[in-house]
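Student: Questions regarding the structure given below will be posed in turn.
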Amino acid sequence: MVYKLHFVIVTLAIQLSTCCMNFIKKYTTVVFVLVGSTLIVRAQSETNNAPQLGRSSVKEVVAAMTLKEKATLVVGLSRQQQQTLPGGSIIGQTQIKVPGAAGNTAAIPRLGIPSMVLSDGPAGLRIAPIRNGDSTKTYYATAFPVGTLLASTWDPAVVNQVGKAFGNEVLEYGVDILLAPGVNIHRNPLNGRNFEYYSEDPLIAGKMAGAIINGVQSNGVGTSIKHFVANNQETNRTTINTIVSERALREMYLRGFRIAIHDSEPWTVMSSYNKVDGTYTAERHDLLTTVLRDEWNYKGFVMTDWGGGRNWVDEMKAGNDLIMPGRPSQTDALISAVQHDSLDVKVLDANVEHILNIILKSPSFKKYAYSNKPDLKAHAEISRQAATEGMILLKNEANTLPLKKVKRIAIFGNASYNTIAGGTGSGDVNKAYVISIAQGLSNASYTTDADVANAYTSYLQQEKAKAPAGRRAPTPAELIVTEDMINKAGNDDIALITIGRNAGEGSDRKLESNYTLLPEEKLQIKKIADSFHQKGKKVVVVLNIGGVIDMTDWKDNADAILLAWQPGQEAGNAITDILSGKVNPSGKLATTFPAKYADVPSAKNFPGTPADKPEQVMYEEGIYVGYRYYDSFKVRPQYEFGYGLSYTNFYMSDLKLNTSKFKDHITATVSVKNTGNVAGKQVVQIYVSAPAKTIDKPEQELRAFGKTKLLQPGETQTLTFTITVADLASYHTDSSEWITDAGQYILKAAASSRDIKQTALFNIANPIVVEKDHPSFVPPVAISELKPRM
């Protein structure tokens, strides 16, 4: 009887509201609330509505927010909330709009504030490819080349094109902010996440990051440049204390971020997991406010890495606007802090304002009708072309490459058939396919040795069956090819061996098995090389790797070596484009290959102390990272920074400066001529050696770079470079100043850091103070930094 009464009451109320709807919807909003046995019809006048984001100013919206609403907005929506709450009616609740995305911000419908979707993706958008178990409709994303390969193009225009395609997928799949790019420096080759990052040099890192950010954000979506700052290892990454001098921090580790932010204005910055000089980056006011906002004039908002930092109140005070991925206890803690005077509500207001300013730009706020149908075919072509631009020809004796008069190829190595598109962890991409090297060669009408291919494919199938569900077969565990098989393969025209290595988020690479080849791998390479060389045939090695590896024990067995990095889903096709000569390689190393790991300047203190479970890591190499160390301390690398061969030859000439007396900038021009027989591109690298009068300086530093267009044989192009006074400055910790010293400077036009083609001199009459900064980042202990003789 009670249930029937309820039904009658509800029915009458609905009929009453329908009769009056024309009047009500013009002036009121109707809300039905069932309390006990009574249905209450509540009308709220729209004329008394709170300010709405977009119609009212941001400050008016902030002023209208309750404390709970403010605290809710600065804390991300937890996964539990996303999974259990319906969308739209209560503070912070939202729907899972994009399954597989990394997180969401909270929605506040009362004020017209929507939820934003945040997704991983340094090499492609990371979302779930299948939803609700329905495999008839898929949501694959393009796997683009990894960051290290993109940097190896030395061409921001190519990287920008990747960014535009990348950003289109972000937009059309309903994501607001891409959690990329990563701009951390290649401090040590064992960092498991180096593949996501660009270079050992902050100029390259900053310019490439700026190019991809501009490309992505041209679609009206945002990026989150990360991991800010000095997050250069994965071992104990959430607790490691980075001890680094202020000079090294500003000149090496902050500079790439500064360049990228200046060039592109990313919507957000992600603070890193680690501590710097004893304090978590997410809790450092000097980093997130003094440097980022006051000195660099950054206007976006800052978010934590997922679970980064420990003290949420200190994060708010530091200028870390958004805590991710968020949980209700963090919201409650911030409310309590305001109520108990340990957090000024004005701090919360500022953080909220930063977030709202970005929400206003977002597709979610603009109610963009995303299609879930980006042009994946077109983007795959962009991925393939970019991959060819960044592959590096390390060795090519007797013109082994490109493949000429070659029909049958014996293809060895697991990664030839199970080619690695990109790294693991949050840097992985759920792509529709990966073209293997064997498949790419077949697509180009090369014939592969069937016996060798069948042995590898059978082996990989067996390994895949042993692996846990969803895991790829282990790449380093190579099939042991018998001597009989090698001898038979000797009847083929050429041998191709692929060496594969992978790594990713959460752990660093193993020196003995990931950086150095396994003993059985070295033996295999030697046996194959000996067999083919005895028959007067060549051996090509392809490196399908995410980071630098050791090459000393085996490189002499190869006639040609192509560094393909991890080239994305079109890997096999792109590699074949280079091997066949369809594309002339023009990539250059943006990170040094040392002759041996012991030569790495950070080798003695990576990943920190104590060795079994490091708590802190000392950056004793200071500013002498990568080529700055090898050149200054006269240590010969295996392959130097900037190195890369071509199928043609180039001649650099006519280096000219517009003046020999430097004031605020200087302009250099240099001509590049293709003196070979095939079309190609060349990178011009401008290094500067500065006088070391008041502070120690590296032997030389990269100050500008440029890449020619595709030059036909005999064609010449003149490139122009501008060097500013700020480009030449060094940071003086004692005075907190960037100073460009007086004296004579040497400007060098080069094909690599060790291949200087021409030099020119200019002078600066008096020291120039370029910038005065706030003193920050005082190490808690003295650091015995490397310093060359002045």
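Student: May I ask for the equivalent-ellipsoid semi-axes of segment 420-518, computed as the square root of five times each C-alpha gyration tensor eigenvalue and listed largest first in whole Å?
Tutor: That gives 26, 17, 14 Å for the three semi-axes.
Student: To the nearest 0.05, how large is the calculated FRET efficiency for T724 and V345 if R₀ is 51 Å and r is the Cβ-Cβ distance?
Tutor: 0.75
Student: Same structure again: With the cut-off at 20 Å, report for segment 638-731 the share of all Cα pairs above it, as a whole percent.
Tutor: 46 percent
Student: Please compute one quarter of the surface area of the Cα convex hull for segment 514-657 and express it in square nanometres.
Tutor: For segment 514-657, the mean projected area of the Cα convex hull comes to 13.2 nm².
Student: When Rg is the radius of gyration of the Cα atoms in segment 132-177 and Rh is its Kirkwood radius, what does Rg/Rh come to?
Tutor: That ratio equals 1.11.
Student: Right, something else. For the pair A467 and D599, what calculated FRET efficiency results from E = 1/(1 + (r/R0)^6), where r is the Cβ-Cβ distance and R0 = 35 Å, to the nearest 0.05? Let's see the in-between values first.
Tutor: Values: r = 35 Å, r/R0 = 1.01.
FRET efficiency, D599 to A467: 0.50.
Student: Once you've got the Cα coordinates, tell me which of K207/K673; K299/K377; K373/K709; K275/K555 are over 30 Å apart.
Tutor: K299/K377; K373/K709; K275/K555
Student: Tell me the label-point distance for the pair L511, A369, using the 7 Å Cα-to-Cβ offset, in nm and rounded to one decimal.
Tutor: Taking the two extended label points, one gets 6.0 nm.
Student: Could you work out the relative contact order of the chain? I mean the mean sequence separation of Cα pairs under 8 Å and 6+ apart, divided by the number of residues, in percent.
Tutor: Reported relative contact order: 13 percent.
Student: Which semi-axis lengths, in whole Å and largest first, follow from the square roots of five times the eigenvalues of the Cα gyration tensor of segment 688-761?
Tutor: 30, 13, 10
Student: Only bridges with both residues in the chain count here: give the DSSP antiparallel percent, nearest 5. It would help to have the intermediate numbers written out before the result.
Tutor: Working: 67 of 107 bridges.
Beta bridges within the chain, antiparallel portion: roughly 65 percent.
Student: What nm distance separates the two modelled labels at Q712 and K377, each placed 7 Å from Cα along Cα→Cβ?
Tutor: Inter-label distance under the simple model: 3.2 nm.
Student: For K697, go through the lysines and keep the ones whose alpha-carbon is under 18 Å away, minus same-chain ones fewer than eight residues off.
Tutor: K634, K748, K787
Student: Next up: For K68, give me every one of the aspartates and glutamates with a C-alpha distance below 13 angstrom, ignoring sequence neighbours fewer than eight places off in its own chain.
Tutor: Hits, sequence-local ones excluded: D332, D349.
Student: State the answer as a single residue: which of G278, T592, H533 lies farthest towards the positive end of the charge dipole of the chain, with beta carbon charges of +1 for Lys and Arg and -1 for Asp and Glu, about the Cα centre.
Tutor: Farthest towards the positive end: H533.
Student: I would also like to ask the following. Report, largest value first, the span of the C-alpha coordinates of segment 299-387 along each principal axis, in whole Å.
Tutor: 57, 28, 25
Student: OK, next. If I require 15 Å or longer along the helix axis, counting alpha carbons, and a Kyte-Doolittle average no lower than -1.0, what helices from the chain are left? Use full DSSP H segments.
Tutor: Helices meeting the span and hydropathy rule in the chain are 2-19, 156-172, 202-217, 328-339, 345-359, 376-390, 450-466.
Student: Ratio of alpha-carbon Rg to the 2.2 N^0.38 Å globular estimate for segment 296-450, to two decimals, please.
Tutor: Ratio of Rg to 2.2 N^0.38 Å for segment 296-450: 1.73.
Student: Another question, then. Taking every pair of Cα atoms in the chain, average 1/r, invert it to obtain the Kirkwood radius, and report Rg/Rh to two decimals.
Tutor: Using Cα coordinates only, the ratio equals 1.02.
Student: To continue, here is another question. Pairs of alpha-carbon atoms within less than 8 angstrom and 6+ residues apart define the contacts here; what relative contact order does segment 224-361 have, in percent?
Tutor: Computed value for segment 224-361: 23 percent relative contact order.
Student: With every protein chain left in place and a probe of 1.4 Å, what is the accessible surface of I96, to the nearest 10 Å²?
Tutor: Surface accessible to solvent at I96 totals approximately 80 Å².
Student: Okay, next question. Where a Cα-Cα gap under 24 Å defines reach, which lysines qualify for K407, not counting those fewer than 8 residues away within the same chain?
Tutor: Qualifying lysines at Cα under 24 Å: K395, K488, K526, K527, K535, K537, K538, K582.
Student: Along each of the three principal axes of the Cα atoms of segment 139-281, give the extent in whole Å, ordering the values from largest to smallest.
Tutor: Largest to smallest, the principal-axis extents are 42, 29, 27 Å.
Student: Once you order the gyration tensor axes a ≥ b ≥ c over the Cα atoms, which shape class does segment 370-492 get: rounded for a/c under 1.5, otherwise prolate or oblate by comparing a/b with b/c?
Tutor: Details: a/c = 2.09, a/b = 1.26, b/c = 1.66.
Oblate, since a/c reaches 1.5 and b/c is not below a/b.
Student: Considering only protein heavy atoms, what is the solvent-accessible area of I783 at a probe of 1.4 Å, reported in Å² to the nearest 10?
Tutor: For I783, the solvent-accessible surface is approximately 40 Å².
Student: Solvent-accessible area per residue for segment 455-599 at a 1.4 Å probe radius, Å²? Don't jump to the answer; show the numbers that get you there.
Tutor: Values: 5400 Å² over 145 residues.
So segment 455-599 comes to 37 Å² accessible per residue, rounded to a whole number.
Student: Just to confirm the filter: which trypsin sites (Lys or Arg not before Pro) across segment 700-742 are DSSP coil and have at most 13 other Cβ within 10 angstrom of their Cβ?
Tutor: Details: sites: R703, K707, K709; in loops: K709.
Those that pass, being in a loop and sparsely packed, are K709.
Student: If R₀ is 22 angstrom, what is the calculated FRET efficiency for the pair K661 and K693, using the beta carbon separation as r and rounding to 0.05?
Tutor: E between K661 and K693, to the nearest 0.05, is 0.80.
Student: Any idea which of L360, M391, I420 is furthest toward the positive side of the dipole for segment 355-458, if Lys and Arg beta-carbons carry +1 and Asp and Glu beta-carbons -1?
Tutor: L360
Student: Rounded to the nearest 500, what is the 222 nm mean residue ellipticity of the chain from helices alone, with -39500 (n - 2.57) per DSSP H run of 4+ residues and division by all residues?
Tutor: It lands at -8000 deg cm²/dmol.
Student: Sticking with this one: Report the one residue of G174, A211, L254 whose Cα lies farthest in the direction of the positive end of the charge dipole of segment 167-268 (charges on C-beta: Lys and Arg +1, Asp and Glu -1; origin at the Cα centre).
Tutor: L254
Student: How long are the semi-axes of the ellipsoid equivalent to segment 199-337, from square roots of 5 times the Cα gyration tensor eigenvalues, in whole Å, largest first?
Tutor: Semi-axes (√(5λ), whole Å): 24, 19, 13.
Student: With each pseudo-label sitting 7 Å past Cα toward Cβ, what's the N491-I783 distance in nm, one decimal?
Tutor: 6.2 nm
The values are calculated or read from the model by the stated rules, or taken from the named source; none is laboratory data. Note that this is a predicted model, so its numbers are computed, not measured. For neighbour counting, all protein chains shown are included, and Cβ atoms are generated from backbone atoms with ideal geometry for every residue, glycine included. The area values use the complete protein model at the heavy-atom level, side chains included, leaving out ligands, DNA and RNA. Shrake-Rupley method; radii C 1.70, N 1.55, O 1.52, S 1.80 Å.
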